[in-house]
Amino acid sequence: MTLKLYNTLTRKKEEFHPCEEGKVGLYVCGITAYDACHIGHARSAVVFDVIARYLRYCGYEVTYVKNFTDIDDKIIEKANKLGVSVREVAQRFIQEHDRDMDSLGVTRPTHAPKATDYIQGMITLVAGLLEKGMAYQRDGDVYYAVDRFPGYGKLSGRSLDDLRAGARVDINEKKENPLDFALWKASKEGEPWWESPWGRGRPGWHIECSVMSQAYLGTTFDIHGGGEDLVFPHHENEIAQSEGNTGKTLANYWIHNGFVRVNREKMSKSLGNIRNVQEMLQEFHPEALRLFLLQSHYRSPVDFSSDSLTEARQGIIRLYSALAAVEEFLRDKKRVPAGAALTEGEQKLADKKEATSIALIEAMDDDFNTARALGQIFDLARAVNAFLGDKPSGLSHPGLMVLEETRSFLLAAGSIFGLLQEEPADFLRSERDRQAEKRGLDLNEIGGLIAERTAARQAKDWSRADELRLLLSQKGVILKDASDGTTWSIEC
């Protein structure tokens with residue numbers, strides 16, 4: 001199956017054909033570094049991380065560029081509020097961003113440029129637009145004239161007339177048209193500035209991404225991405241200034257992820273419902289958060305709630321539990337007698353694994369449908385549990401190979417989504433302990449009660465052993481006895 005992407009520019013799915021065979025250039029708009037990362041930032045980061053991972057899984061050489069905006073009105077405002085420099089604010093929140101994304105298992109992009117490192121390129125682009133008559137100067141400011149670019153509005157699907165009708169009244173009398181946007185801003189007292197042909201100033205927001213994307217990926221590249229809130233005006237303006245300067249297409253495919261809502265309300269500071277990444281990671285494992293974000297198609301809105309995260313936590317535990325069961329069985333080599341042919345159960349598992357492999361690719365090739373792909377992975381995990389639940393006394397040699405191949409497939413599939421990246425036993429133990437502590441249980445007390453029960457069993461004091469099992473059960477502790485000892489988990 002050929003990879004198809006939904007292109008915001010054409011508003012339809014299109015077959016993906018890269019500019020250069022075997023290579024993909026991907027640019028995604030990053031954060032404006034003035035505050036902590038929240039669940040909306042996490043969604044965009046995880047979505048495009050998985051897109052890059054999948055493209056690499058398919059054999060493409062991916063150059064992934066994601067920028068940092070480190071000069072902006074919001075950063076200046078935060079610096080003034082804190083009484084520190086703009087540079088200090090930006091550096092602090094860039095470092096926090098990297099910490100949060102590392103915690104979420106987001107692979108670092110190939111390049112992570114900062115806007116202030118590309119000021120000269122922005123000055124050059126502004127000068128080019130002025131020379132071509134696409135922009136004009138006013139008292140040290142430079143504005144892009146949107147009505148001089150015939151294609152303005154093509155990404156958002158809105159005409160200039162529609163945009164004018166819906167625009168707020170602009171009190172900036174310097175502009176020829178209220179929709180015109182700043183390419184360069186004359187410096188104000190106390191603001192950072194750079195020398196330019198138009199006097200001291202700083203770049204507008206939109207100009208930054210045009211320069212940084214083309215610096216790494218060329219005049220025309222494959223995929224430009226970001227949140228759907230960036231379609232207009234940011235990405236629309238990127239197209240206008242880039243294509244207005246070069247006369248060539250900026251990006252062949254535009255991909256936008258949907259919004260995150262919190263308890264079915266729009267996430268906003270005014271509502272006080274913004275959830276920071278670090279706050280959520282105190283409660284939930286990073287892979288539970290990734291699973292939650294990927295269980296909806298990237299273009300659909302997702303509704304964040306504690307219940308939805310709890311369900312995702314239970315889901316990732318199910319996947320790890322299936323993988324742990326496979327590994328436990330494979331470690332017990334004495335269960336594996338010689339044999340020449342697959343049993344009926346082994347063949348059924350082999351068929352399921354092969355069907356899942358095909359279905360996963362079909363789902364991801366259909367506009368990166370992670371929801372459908374993950375559903376296939378969960379179906380395979382259930383098939384694994386059913387197979388091992390029959391307690392086979394042993395596997396044929398080909399059957400052993402099937403189980404090993406199933407394990408390898410689960411790990412490979414997990415790597416596409418950034419899941420199953422830990423040792424199963426370690427993950428299950430840490431999640432168990434996290435939930436026990438969350439419920440106020442004393443891990444030492446639990447360990448002591450289990451040890452006492454083990455001693456009672458060894459002494460054949462079955463009555464005391466049952467009492468201790470009941471006591472632990474009342475605390476939400478589930479015991480599992482095996483030949484090599486007793487393990488425990490927390491009731492979901």
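The values are calculated or read from the model by the stated rules, or taken from the named source; none is laboratory data. Only a predicted model underlies this, so the values are computations on that prediction, with no experimental measurement involved. As a convention, Cβ positions derive from the backbone with ideal geometry for all residues, glycine included, and neighbour counts pool all protein chains shown. Accessible surface is based on the protein model in full, side chains and every heavy atom, while ligands, DNA and RNA are left aside. Shrake-Rupley method; radii C 1.70, N 1.55, O 1.52, S 1.80 Å.
Key figures for this structure:
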item	result
Where a residue in region 10-27 is exposed (fewer than 11 other Cβ atoms within 10 Å of the Cβ) and its partner, wherever it lies, is in a strand (DSSP E or B), with Cβ under 9 Å and at least six apart	LYS12/TYR6; GLU15/LYS4; GLU15/LEU5; GLY22/GLU61
Neighbours by Cβ (under 8 Å, 6+ apart or cross-chain): first from region 306-318, closer than 15 Å to LEU419 by Cα and in contact (Cβ under 8 Å) with a residue 12 or more places away in the chain; second charged (D, E, K, R) and open to solvent by less than 20 Å² (accessible area, probe 1.4 Å)	ARG313/GLU431; ILE316/GLU287; ILE317/GLU431
Region 259-279: number of residues that are in contact with a strand residue (DSSP E or B) (Cβ under 9 Å, 6 or more places away or on another chain) and in contact (Cβ under 8 Å) with a residue 60 or more places away in the chain	8
Among the residues listed as GLU208, GLU131, the single one being out of contact with any Leu (no Cβ under 9 Å at 6 or more places or on another chain), of a type in the set (Asp, Glu) and buried (at least 17 other Cβ atoms within 10 Å of the Cβ)	GLU208
Within region 280-302, considering residues that are of a type in the set (Phe, Trp, Tyr) and in contact (Cβ under 8 Å) with a residue 24 or more places away in the chain, the one farthest from ALA52 (Cα to Cα)	PHE284
Residue within region 172-183 that is within 36 Å of the chain's Cα centre (by Cα), part of a helix (DSSP H, G or I) and over 25 Å from ASN80 (Cβ atoms) present	no
Exclusive hit being closer than 27 Å to ARG275 by Cβ and touching a Ser or Thr at 6+ places or on another chain (Cβ under 9 Å), set CYS37, CYS19, CYS29	CYS29
Top-ranked residue in region 387-419 [being open to solvent by 50 Å² or more (accessible area, probe 1.4 Å) and touching a helix residue (DSSP H, G or I) at 6+ places or on another chain (Cβ under 8 Å); ranked as modelled with the lowest pLDDT]	SER393
Close pairs from region 72-94: first assigned to a helix (DSSP H, G or I), partner among the aromatic types (Phe, Trp, Tyr), Cβ under 7 Å, at least 6 apart	LYS74/TYR34; ILE75/TYR34; LYS78/TYR34; VAL89/TYR34; PHE93/TYR34; ILE94/PHE68
Hits in region 151-166 - residues which are among the hydrophobic types (A, V, I, L, M, F, W, C) and either surrounded by 12 or more Cβ atoms within 10 Å (Cβ to Cβ) or modelled with pLDDT of 70 or more (or both)	LEU155, LEU160, LEU163
Test for GLU422: is it open to solvent by 20 Å² or more (accessible area, probe 1.4 Å), acidic (Asp, Glu) and not in a helix (DSSP H, G or I)	yes
Criterion: farther than 30 Å from GLU344 by Cβ and either touching a Ser or Thr at 6+ places or on another chain (Cβ under 9 Å) or part of a helix (DSSP H, G or I) (or both) - qualifying residue of GLY440, GLY448, GLY414	GLY448
Conditions (1) closer than 22 Å to GLU236 by Cα; (2) among the hydroxyl-bearing types (Ser, Thr, Tyr); (3) assigned to a strand (DSSP E or B): number failed by THR63	(1)
Selection within region 438-477 - in contact with a helix residue (DSSP H, G or I) (Cβ under 7 Å, 6 or more places away or on another chain) and of a type outside the set (A, V, I, L, M)	GLU452, ARG453, ARG457, ARG464, ARG469
Any pair with Cβ under 7 angstrom, 6 or more apart, that starts in region 229-258 at a residue that is more than 13 Å from MET134 (Cα to Cα) and ends at one that is among the basic types (Lys, Arg) and open to solvent by less than 30 Å² (accessible area, probe 1.4 Å)	ASN257/ARG43
Candidates VAL65, VAL84, VAL89, VAL106 - the one that is surrounded by fewer than 19 Cβ atoms within 10 Å (Cβ to Cβ), aliphatic (A, V, I, L, M) and at pLDDT 95 or above	VAL84
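This table checks each residue for (1) touching a residue at least 40 places away in the same chain (Cβ under 8 Å); (2) crowded, with 18+ Cβ neighbours inside 10 Å.
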{"position": "LYS353", "(1), (2)": "yes, yes"}
{"position": "THR370", "(1), (2)": "yes, yes"}
{"position": "ASN385", "(1), (2)": "yes, no"}
{"position": "ASP433", "(1), (2)": "no, no"}
{"position": "GLU437", "(1), (2)": "no, no"}
{"position": "GLY448", "(1), (2)": "no, no"}
{"position": "ARG464", "(1), (2)": "no, no"}
